[in-house]
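To keep things clear, I will list the structure first and then write my remarks on it.
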Amino acid sequence: MTDNWTELAVNGGPPVRSMPMPSRKAFGKDEMASLMEAAQHYLEDPMDLPYHGRCETAFCDEFVRFMGGGYADAVATGTASVYVALQALDLPKGSEVILSGVVDSGPLNSIIVQGYVPVIADTAPGSYNIGLEQFQAKCTDRTSALIAVHCAGEALEIDEIVADAHARGIKVLEDCSQAPGAMWKGRRVGSFGDIAATSTMYRKSLMSGSSGGIVYATSEDMHHRALACADRGKPLWRTDYDIRDPRTNLFPALNWNADELSCAVGLASLRRLDDTIARRSKFLDGLSERLKAESRVCKVYAFRGSPSPFFIPVHVDVEKLTCSKVTFAEALIAEGIDLNPHYAFLVTDWAYAIPYLPEGTAIPNAVAFRDESFNLFVNENYGERELNDTVDAISKVEAHFGA
Ligand SMILES: Cc1ncc(COP(=O)(O)O)c(C=O)c1O
């Protein structure tokens, strides 16, 4: 540590890092080239950009290859992917759907809007993810499905959860939005349950422009149902289907079709997803090792399986500090480190949601973990420099606030 680090940046001293953390550039040269190729094609093709065009087909085919088989349909948003997947499960009216308490509002709202009862499962102690025990604790004879969220890029113990759920007659929808490509026991998440949803909006590791999503299934029947749920009940797979004849539509559903040019961008993003995951994982592993050796206070969350890191929860041992966790995290931000000091994606914190939840819903494990951690941001352009700066900033702030 150098002398000019004695004063914290939050108190007016010079920051550890004065340049911004590297931006991600998810829309890079490859995405631009794929988009231009698609635009050029449609400029010359007599046909205008359709639903399920060549870009969407290529994106879905590539996703299926990435997953090691199955069926995929690209849709307009990540929320739409969950909504469509949930509708495709065809659950009994008014039944209970278990959802992890740490999640985006899209999955919760999909349950509510479709008239099901959201039942919120707590996370495992010291984690933002549910385990088998937390799922089992919420099962009743009214439970018809679980939305299993692979939060932060970590794979759930999804094989055990799915086996237990199926033994109880409960269907499983995997939400892979924060963990595309993460593996559990050598298989990609999304391939274990009955159906999977993945957001590909611009902040996700796999992105298809500003907005997008993918519904994935290993069964062709489930895929067909998802296709119909994504576009007004149309039996798109039938050879005698006529796009100009809504009389053959199967049931009421909305239109969640993906945009063809988004899919061109998504295709390029998907082709580098393995590299994206590897670079993020390298930073995660490096940080875990360094903090283990160099920090008394901060500990990187131990991801299970092979993660696809979305953000990195860092546990703060507040007993060893003279300040609060938020003050500590805000001091790190002032030192030039990008992070979220206090994660707000806990369902029980959302006033609008409370009337829809069973009375007394509580997620004490999730709240405790959130209250003692911050989420470090990461992207595939983080390297050695960012690793050193992050560790240096933590050392500096820790030295100042150490009890
Ligand atoms: C776990 C999870 N599910 C669903 C969504 C919804 O996706 P979108 O924002 O693309 O609608 C998100 C994030 O945005 C998410 O993190």
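The values are calculated or read from the model by the stated rules, or taken from the named source; none is laboratory data. This is a predicted model, so every value here is computed, not measured. Cβ coordinates were reconstructed from backbone atoms using ideal geometry, including for glycine residues, and neighbour counts include every protein chain displayed.
One table, with the values for the structure above:
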quantity: Of all residues in the stretch 333-382 being free of Cβ contacts under 8 Å to residues at least 12 places away in the same chain and within 16 Å of the ligand (Cβ to nearest atom), the one that is surrounded by the fewest Cβ atoms within 10 Å (Cβ to Cβ); calculated: ALA344
quantity: Pairs with Cβ under 8 Å, 6+ apart, first in the stretch 310-323 and more than 23 Å from ILE277 (Cβ to Cβ), second at pLDDT below 95; calculated: GLU319/ALA403; LYS320/GLY402; LYS320/ALA403; LEU321/GLY402; LEU321/ALA403; THR322/GLY402; THR322/ALA403
quantity: Criterion: farther than 22 Å from SER81 by Cα, outside the structural domain of ASN365 (by TED's automatic domain parsing) and in contact (Cβ under 8 Å) with a residue 40 or more places away in the chain - qualifying residue of PRO118, PRO107, PRO125; calculated: PRO125
quantity: Residues satisfying the stated conditions in the stretch 234-267, i.e. over 24 Å from the mean Cα position of the chain (by Cα) and either touching a residue at least 60 places away in the same chain (Cβ under 8 Å) or under 16 Å from ALA76 (Cα atoms) (or both); calculated: LEU236, ALA253
quantity: Cross-chain or 6+ apart pairs with Cβ under 6 Å, the stretch 205-231 first and without any contact (Cβ under 8 Å) to a residue 24 or more places away in the chain, then not polar (S, T, N, Q); calculated: HIS224/TRP237
quantity: Residues of the stretch 268-289 satisfying the condition of being in contact (Cβ under 8 Å) with a residue 60 or more places away in the chain and over 17 Å from PHE377 (Cα atoms); calculated: ALA268, SER269, LEU270, ARG271, ARG272, LEU273, ASP274, ASP275
quantity: Test: residue in the stretch 38-48 that is aliphatic (A, V, I, L, M), loosely packed, with under 12 Cβ neighbours inside 10 Å, part of a loop (DSSP other than H, G, I, E, B) and free of Cβ contacts under 8 Å to residues at least 12 places away in the same chain; calculated: yes
quantity: Residue pairs meeting the criteria (Cβ under 6 Å; at least 6 apart or on separate chains; first charged (D, E, K, R), in the stretch 72-96; second not in a helix (DSSP H, G or I)); calculated: ASP73/VAL215; GLU96/VAL117; GLU96/VAL119; GLU96/ARG142; GLU96/THR143
quantity: Among residues of the stretch 235-258, those that are out of contact with any strand residue (DSSP E or B) (no Cβ under 7 Å at 6 or more places or on another chain) and buried (at least 22 other Cβ atoms within 10 Å of the Cβ), counted; calculated: 0
quantity: The stretch 1-48, residues that are of a type in the set (Val, Ile, Thr), at pLDDT below 95 and touching a Gly at 6+ places or on another chain (Cβ under 8 Å); calculated: THR6
quantity: Enumeration of residues in the stretch 210-231 that are more than 17 Å from ALA145 (Cβ to Cβ) and away from the ligand (no atom under 11 Å from the Cβ); calculated: GLU220, HIS223, HIS224, LEU227, ALA228, ALA230, ASP231
